[in-house]
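To start, the structure under review is shown below, and the notes come after it.
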Amino acid sequence: MADRDYLSDIQKPSRYLGGELGSVQKPANQVDLTFALAFPDVYEVGMSHVGSSILYHQLNLQERIAAERVYAPWSDFEQLLRDRQEPLCSLESTRALADFDIVGFTLQYELSYTNLLNMLDLGGIPRRAAERDETAPLIVAGGPCAFNPEPLADFIDCAVIGDGEEAVLDLCHAVLASRVAGETRQELLNRLARIEGVYVPSLYRVEYRDDGSIDTIAPKAGAPSRVKRRFVTDLERAPFPGNPIVPFMNTVHNRVSVEIARGCTRGCRFCQAGYIYRPVRERSPQRVADIINESLRRSGFDETSLLSLSTGDYSAIEPLLTGLMECHADSKVAVSLPSLRVGSLTPELMEQIRKVRKTGFTLAPEAGSERLRDVINKGIKAEELVAAARTAFELGWRVIKLYFMLGLPTETDEDLAGIVDLAAAVRKSGQGTKGGADVNVSVSTFVPKPHTPFQWERQLGIDETRERQQWLQQELKRNKLRFKYHDAEMSMLEGVFARGDRRLGPLLEAAVDAGCQFDGWSEKFEFARWQDAFATCGIDPEWYLRERREDEILPWSHIDPGVAPSFFLEERARSRSGGYTADCRNGDCHACGLCDFEALRVRLAERAEFDPGEAPAWAPPTDSEGRFKVRLRLCKEGRARFVAHLEFMAVLHRAVRRAGLPLRYSGGFHPTPKLSFPDALPTGVASDAEIIDLELYEQRSAQQVVEALNAELPEGFRVLEAANVDWHCASPSASIVETVYRLELPAGVPGDLGARCDRFLAADEVIGEKFKKGRRIEIDLRRDLTDLQMREGGLYLTLKKGSPLPLIRYLLELDPDAVRRLVIRKVGVRMT
């Protein structure tokens, strides 16, 4: 929406601002094709998805293609759109979703499907593919859920199966070629079906047997019988953005995230990602270091994360981590490894990990007993896990998180008891270590996923899941262990859609019509609505959770992940005997059918020396004793006025880092930047007088600081002036004695406003109200007001402290929402 004034009415308006550093907006007259990268969850979740970032930058590198972003709006913003009868728009150009050529949804989780349909509704796009005319955008799905796209077959035009970097460009070029050729929408779909890795659901006819199972999946003329997965064969040469988008708000993963490897061949039989992303392809340490250094320099982030399905298995993890730590240790940059495996945790690796910020240390044994870990091919011994935990506690970690699953194939009561025993052993291993030891146990419900050896298995129903959860809760509590578990109803729903077919389309529509959305969020999940939808559509969810016959045609049988179906059957048989299948990354091929051993093969990084680069000088040398202070006056206007106070602090800190200013940090294990801010400005209020102090360890002139920061601040933020001040002087919040605000008087103000102001100034006390976290609080509005004037079409309020909003509300007799939409500006301060 082009008019952002109404963002004052919603929570977290920075979700919808756009204009972040690193984002791209191309002039409309320089673009031949527009592509909306749609993520069916909120901004802070979608912005943390590395795959979307890769595609965003890959598409925008093309001269005549513009990629823009759109996320699922939270309920408050959705209601605002509906009330104003405005469509869901992109962040970059505020173009309506229906006006794009292509809308591509990234599907990470089955419980986001309702959001996809809701976004189509909000964007003004017909839900069903059959209802769209020649002017409607092409609706594309991708991501891991696209490996069974059948529940969405009625709603998407096509799906990209596998790696998207190259496939998405082929898709765009096909759309442009089709346009030049003057083809119809159907002819375009026929053209897309000829691209490897692109699946067009409407070109397949599915017929069912009397018992409900699938009889045939028949391609129409020109469509392949099986759609082959698309591969990026060499990750080293694959594009990866070195200029990340820097969000205003705090996202789920607010850091530089670099994919160091793709694929995993450990062969855990429950893990879909391990099969749909194999073979292992690694980036070289040099390429990883180059991406990190460029990204840190251009973003100002103070943390980087090394991403892969199992980061500890990366061939050169120890030299890479050592090099990065040595390079960035003095720059206050933390290096994190989000996915570690017990078998890869060497003492040397853990010693490196110890040097970064320690919060929780996570281990995933998945099953409680060694027998069940053999069934799932996890390959972890209890004594190895306990030893790793003991080392972690000794190195300073205070909390260890253990992840398990319940309902795994062949699970018994003894296996469940093994979860309790193993967690207790981990906790005991920390006894005697400094600071004690704590263990959190998290248990999810096993969901059989397509394209795994367990794709035929039965999933536990809701009642069975609850019974086992209750038993675990009781036993873990007895052992003084914390316990978290996944909602049984959510797991059931995930299982239905993970292995569902096209007949779930009406169910999905009925659920959306009933108000279902954000089903993966506990505070938004309404299972009763889903129960009504199941009943209305005559669908029994248990039928989708059932064990499948090995000779049964599965809804995804026409999607080829590269791994042969016979291999999945062999692995399922081996699971019953507890047979172990070793990792093939070291050359022991198990004939899964994936590699051609030429272009498509395991590609491992060499443990060769590399240059980790030179880190930006963001922190003082250990022997530095210089202390210099620069006081800034900043302007905050336009979209920037909707950036909340804590977000504003992060914006400035990152700008200082990007500018290379010699900022001082506090001491201790968690050093913080020496930046001092005034009291928080109400969100939505503009300012010409945000006073901020920077404490530097090397002297810089005020003009140098102004020029350096203005070159790095996002649109809407600007340093108006600066001065070198004594470093002993009090902070802005302690120095400011009065703040002046200007209200631009709206139409329809009370005719006696001048008299009201006079009476207000003459009073000793004026009782008003403010609202804090939904609670009404009475306050004395007169106490902190020192002056009140009407002049030049505005109302000027001078306050010793506090927000001007309650006072304006009182004087103009407006409700809180109306006050937040007024044009208010902080125009000056008086300091001691």
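The values are calculated or read from the model by the stated rules, or taken from the named source; none is laboratory data. Since we're looking at a predicted model, the values are computed, not measured. Positions of Cβ are generated from backbone atoms using ideal geometry, with glycine treated the same way; all protein chains shown enter the neighbour counts. Please note that ligands, DNA and RNA were not included when accessible areas were found on the heavy atoms of the full protein model with its side chains. Shrake-Rupley method; radii C 1.70, N 1.55, O 1.52, S 1.80 Å.
Let me spell out the model: positive unit charges on the Cβ of Lys and Arg, negative unit charges on the Cβ of Asp and Glu, origin at the Cα centre of segment 83-196. What dipole size does that give, in debye rounded to 20? Walk me through the numbers before you get to the answer.
On the way: 9 positive and 20 negative charges, 39 e Å.
It comes to approximately 180 debye.
Of all chymotrypsin sites (Phe, Trp or Tyr not before Pro) in segment 522-616, which ones are in loop regions per DSSP and have a Cβ with at most 14 other Cβ atoms within 10 Å?
For chymotrypsin sites (Phe, Trp or Tyr not before Pro) across segment 522-616 that sit outside H, G, I, E and B with at most 14 neighbouring Cβ atoms in 10 Å, the list reads Y580, F597.
Candidates (i) 70, 36, 30; (ii) 48, 34, 28; (iii) 57, 28, 23; which is the computed semi-axes √(5λ) of the Cα gyration tensor in Å?
The value matching this structure is (ii).
Considering the zone a paramagnetic label at R478 would reach in this model (a point 7 Å from Cα along the Cα-to-Cβ line), which residues of segment 404-433 have amide N under 16 Å from it?
The answer is 413-425, whose backbone nitrogens lie closer than 16 Å to the label point.
Of the accessible area of the chain, with the probe set at 1.4 angstrom, what percent is carbon plus sulfur?
Values: 16060 of 34140 Å².
Carbon and sulfur together cover 47 percent of it.
Could you give the accessible area per residue of segment 383-452, probe 1.4 Å, as a whole number in Å²?
Averaged over the residues of segment 383-452, the accessible area is 37 Å².
Would you list, by chain and number, the aspartates and glutamates whose Cα falls below 16 Å from the Cα of K800, excluding same-chain residues fewer than 8 positions away?
Those aspartates and glutamates meeting the cut-off are D679, E690, E738, D764, E765, D780, D784, D787.
Take the Cα of A680, step 7 Å along the line toward its Cβ, and report every residue of segment 223-253 whose backbone nitrogen sits under 14 Å from that point.
So the set is 250.
Could you pull out the trypsin sites (Lys or Arg not before Pro) across segment 1-92 that fall in loop regions by DSSP (anything but H, G, I, E, B) with no more than 11 other Cβ atoms inside 10 Å?
Passing sites in segment 1-92 are R64.
Could you give me the ³J(HN,Hα) list for segment 756-764, computed from phi with Karplus coefficients 6.51, -1.76, 1.60 and θ = phi - 60°, whole Hz, x at Gly and Pro?
3J(HN,Hα) across segment 756-764, in whole Hz: 4, 4, 4, 5, 4, 5, 6, 6, 7.
Which trypsin sites (Lys or Arg not before Pro) does segment 208-261 hold that lie in a coil by DSSP with at most 14 other beta carbons within 10 Å?
Listed in order of number, the matching sites are R209, K220, R226.
Give me the 1.4 Å probe accessible area per residue for segment 220-296, excluding ligands and nucleic acids, in Å².
31 Å²
Given a 1.4 Å probe, how much area per residue of segment 541-593 is accessible, in Å²?
Result: 47 Å² per residue.
Please give, to one decimal in nm, the separation of the simple spin-label points placed at S733 and A273, each 7 Å out from Cα toward the Cβ.
Between S733 and A273, the label points sit 3.9 nm apart.
Filter the cross-link list K636/K674; K381/K480; K449/K480; K378/K434; K524/K772 down to pairs whose alpha-carbon distance in this structure exceeds 26 Å.
Flagged as over cut-off: K449/K480; K378/K434.
Can you list the aspartates and glutamates whose alpha carbon sits under 15 Å from that of K629, skipping same-chain ones fewer than 8 residues off?
Partners within reach: D693, E695, E698, E721, D726.
Say R0 is 30 Å: what FRET efficiency, to the nearest 0.05, do L61 and R179 get from their beta-carbon distance?
0.90
Please compute the modelled spin-label separation between H645 and E698, points set 7 Å along Cα→Cβ, answer in nm with one decimal.
3.4 nm
Given 0.36 nm per residue, what is the gain on full extension from F760 to R576 after removing their alpha carbon distance, in nm?
That pair, F760 and R576, stretches by 58.1 nm at full extension.
Relative contact order, percent, of segment 140-287 when contacts are C-alpha pairs under 8 Å separated by at least 6 residues? Walk me through the intermediate numbers first.
Details: 192 pairs, mean separation 28.4, N = 148.
Once normalised by length, the contact order is 19 percent.
Rounded to the nearest 500, what is the 222 nm mean residue ellipticity of the chain from helices alone, with -39500 (n - 2.57) per DSSP H run of 4+ residues and division by all residues?
Working: 25 runs with 251 residues, N = 832.
Mean residue ellipticity at 222 nm (helix-derived): -9000 deg cm²/dmol.
Please list, by residue number, everything in segment 491-511 whose backbone N is under 15 Å from a paramagnetic label point 7 Å out along Cα→Cβ of E464.
Counting backbone N atoms under 15 Å from the label point, the list is 491-493, 495-496.
Give the lysines whose C-alpha is closer than 16 Å to that of K801, dropping any in the same chain fewer than 8 places away, or say none.
K770, K826
Can you tally the net charge around A488? Count Lys and Arg as +1, Asp and Glu as -1, for every other residue whose Cβ sits under 13 Å from the Cβ of A488.
Cβ neighbours under 13 Å give a net charge of -4.
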